[in-house]
Amino acid sequence: MSEEIFKKIVAHSKEYGFIFQSSEIYDGLAAVYDYGQLGSELKNNIKQYWWESMVKLNENVVGIDSAIFMHPTVWKASGHVDAFNDPLIDNKDSKKRYRADVLIEEHREKFQQKINKEVEKAQKKYGDNFNEQEFLNTNQRVLENKEKIAVITERFQNALNNNNLDEVRQIIIDYEIVCPISGTKNWTEVRQFNLMFDTKIGSVTGDASVIYLRPETAQGIFVNYLNVQKTGRLRLPFGIAQIGKAFRNEIVARQFIFRMREFEQMEMQFFVKPGEEMQWFEFWKQKRLNWHYAMGFNKNKYRFHNHDKLAHYANAATDIEFEFPFGFKELEGIHSRTDFDLKQHQEFSGKKLQYFDNAENRSFTPFVVETSIGLDRTFLMILSNSYDEEIIEKEGEESGTRVVLRIPPALAPVKVAVLPLLKKDGLVEKAHEILDLLKFDHNCQYDEKDSIGKRYRRQDAIGTPFCITIDHQTLTDNMVTIRHRDSMEQERINITDVEKIIAEKVSMKNLLKQL
Ligand code: ATP
């Protein structure tokens with residue numbers, strides 16, 4: 001069922017100009033996508049929501065825009081040259097390549113799904129008398145599956161922590177994990193694969209040196225830490241935010257814009273006094289979850305998931321996972337990165353990257369709490385939450401099924417569509433008058449083709465919160481029909497009220513105020 005919805009979302013994204021495969025006329029480039037006329041609008045709105053929530057709403061967070069190319073030593077210092085690897089494994093029959101860690105995690109998730117099913121069944125059986133906590137603590141089948149999760153997690157964590165790739169493979173063999181394509185257990189060895197793309201800089205052969213396309217935007221923040229702190233006269237704690245492209249040569253790239261080789265990140269590094277990082281880690285966890293909740297989707301679709309293996313730089317790490325149509329997966333990472341990055345850059349550059357604390361009269365290297373979210377994954381999260389098929393039984397609407405994207409109005413790519421009922425009798429001119437009124441504040445569409453019902457359907461499909469219809473009566477009483485996307489309610493309102501009603505509902509400010 002979910003897989004089917006996912007396919008529909010992918011097809012819908014293309015059909016309505018949200019997302020196209022890159023270089024499609026050349027049969028595409030794997031895991032690279034282009035955003036179309038509506039996709040780029042939605043993406044810009046997401047960026048604005050994130051940027052303003054960070055930079056505008058927090059006095060002590062500022063934004064930068066650093067270059068994609070960086071000195072190659074940056075990636076030595078950060079550990080990416082040596083350790084930015086994923087364990088890969090191939091199935092010899094299907095010739096398909098997988099991330100060994102993902103195969104194991106997905107297998108483990110099956111035990112969790114079994115638990116969820118038991119809970120659902122029991123809930124139906126016992127109704128109002130059902131005590132979920134007690135059930136989870138006592139039901140035999142639940143306990144068995146919990147134990148299975150604990151056993152596989154411990155074994156997996158140990159294997160990863162000891163970088164024991166043979167053991168990772170052995171787990172796959174022991175749990176009889178099969179390739180989803182061939183259905184066989186005919187696996188190769190597990191080996192590490194570095195995810196960074198490299199290229200050459202410099203025009204003269206021989207002089208050219210290898211540089212990398214950045215695999216994360218964070219390092220651009222670390223190397224500018226002192227520039228920003230000094231020029232901005234910032235005191236701890238403070239944050240530096242940035243939105244930008246990142247590149248990873250992902251092993252498996254089959255999930256649309258969930259995992260891309262070129263993607264965009266929205267990252268914020270928050271610099272704090274050593275010892276205060278856990279308090280800020282908790283602070284940002286909550287703040288980021290609230291950012292997601294404010295969009296108004298079902299809260300049960302989000303959960304925290306602590307990392308099984310901490311990255312080489314972290315002393316605490318959690319993911320905000322979202323239930324995509326293909327299951328719960330990472331949407332955002334919140335990491336306590338200690339002073340690892342700044343210390344490494346001090347060592348490799350020979351430049352001091354410290355903070356002088358006036359009150360304490362001493363210098364030290366700040367600790368860092370990071371929030372890192374994929375813009376494209378956020379886009380997919382919004383599409384997955386918004387996509388709805390609805391049977392229409394409403395007066396004044398054409399009967400049938402409608403596809404509606406219930407995108408939060410502040411993020412919707414088009415805010416209002418202006419529709420003259422007919423292409424004559426001065427209705428077109430009146431429609432343009434209204435359009436001229438609204439276009440400075442909102443992205444609007446004008447549509448005069450086909451029946452009004454079909455035009456409503458087209459706007460529903462792209463998530464436009466409001467349609468304004470102009471009819472003959474408008475010319476005499478200055479009233480228009482405003483139609484609301486979600487409820488399909490229609491109201492007659494005065495043209496002088498149009499601006500106010502729309503501005504209120506689609507306001508980014510009102511969304512930000514909920515944070
Ligand atoms: P995953 O485990 O899914 O590969 P990750 O743990 O490597 O992700 P981070 O390095 O924490 O991801 O990156 C921060 C965020 O950037 C992720 O939460 C995700 O939203 C986004 N991101 C990472 N890799 C990709 C990718 N290949 N395509 C799209 N978004 C990505």
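None of the figures in this text is laboratory data; all of them are computed from the coordinates on show. Quantities reported herein were computed from a predicted structural model and do not represent experimental measurements. Cβ atoms come from the backbone with ideal geometry, glycine included; neighbour counts cover every protein chain shown.
With a Förster radius of 25 Å, plug the Cβ-Cβ distance of Ala461 and Met508 into 1/(1 + (r/R0)^6) and report the FRET value to the nearest 0.05. Show your work: numbers first, answer last.
Values: r = 23 Å, r/R0 = 0.92.
Using R0 = 25 Å, I get an efficiency of 0.60.
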Worksheet item: What's the extension gain from Gln157 to Arg97 if we count 0.36 nm per residue and subtract their Cα-Cα distance?
Response: 19.4 nm
Discussion item. Over all directions, the average projected area of the alpha-carbon convex hull for segment 190-333 comes to how many nm²?
Written reply: 12.6 nm²
Worksheet entry | Partners for Lys329 among aspartates and glutamates (Cα-Cα distance below 13 Å; same-chain residues under 8 apart left out) | Glu105, Glu106, Glu109, Asp319, Glu321
Worksheet item: How many angstrom separate the Cα center of segment 464-515 from the Cα center of segment 361-413?
Response: 22 Å
Discussion item. Checking the table Lys117/Lys185; Lys110/Lys415; Lys299/Lys449; Lys185/Lys301 against a 30 Å threshold on Cα-Cα, which pairs fail?
Written reply: Lys110/Lys415; Lys299/Lys449; Lys185/Lys301
Response to the item:
Between Phe135 and Gln192, the two model label points (7 Å from Cα along the beta-carbon direction) sit apart by a distance in nm of 4.5 nm
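Using every Cα-Cα pair within segment 77-227, state what percent have a distance larger than 17 Å.
Working: 8247 of 11325 pairs.
Percent of Cα pairs beyond 17 Å in segment 77-227: 73.
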Worksheet item: When the chain is fully extended, how far beyond the present Cα-Cα distance does Val252 get from Ile68, taking 0.36 nm per residue of separation?
Response: 63.9 nm
Response to the item:
Phi-derived 3J(HN,Hα) across segment 262-273 with the Karplus relation (6.51, -1.76, 1.60, θ = phi - 60°), rounded Hz, x for Gly and Pro, is 10, 8, 10, 10, 10, 10, 9, 9, 10, 8, 9, 5
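Any idea what the alpha-carbon Rg over 2.2 N^0.38 Å comes to for segment 393-512?
Details: Rg = 13.5 Å, N = 120, 2.2 N^0.38 = 13.6 Å.
Segment 393-512 yields a ratio of 1.00.
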Response to the item:
Note, Thr338: beta-carbon cut-off 15 Å, +1 each Lys/Arg, -1 each Asp/Glu, net -3
Worksheet item: Quick one: if the Förster radius is 25 Å, what FRET efficiency do Asn85 and Asp174 give, using the C-beta to C-beta distance and rounding to 0.05?
Response: 0.60
Fill in: Residue among Cys444, Ala359, Gly183 farthest towards the positive dipole end of the chain, charges placed on Cβ
Ala359
Item to complete: Using the Karplus curve 6.51 cos²θ - 1.76 cosθ + 1.60 with θ = phi - 60°, work out ³J(HN,Hα) for each residue of segment 462-469 in order, rounded to whole Hz, and write x for Gly and Pro.
Response: 10, x, 5, x, 9, 10, 10, 10
Item to complete: Before anything else, pin down the relative contact order of the chain: Cα pairs under 8 Å, at least 6 apart, normalised by residue count, whole percent.
Response: 14 percent
Practice prompt. Place the peptides 169-181, 251-263 in order of packing, highest mean first, counting for every residue the other Cβ atoms within 10 Å and averaging per peptide.
Written response: 251-263, 169-181
Fill in: Estimated inter-spin distance, Gln346 and Lys185, nm [label 7 Å along Cα→Cβ]
5.1 nm
Worksheet entry | Residue among Gly333, Ala294, Phe379 farthest towards the positive dipole end of the chain, charges placed on Cβ | Gly333
Worksheet item: In nm, to one decimal, how far is the Phe440 label point from the His307 one, both placed 7 Å along Cα→Cβ?
Response: 4.9 nm
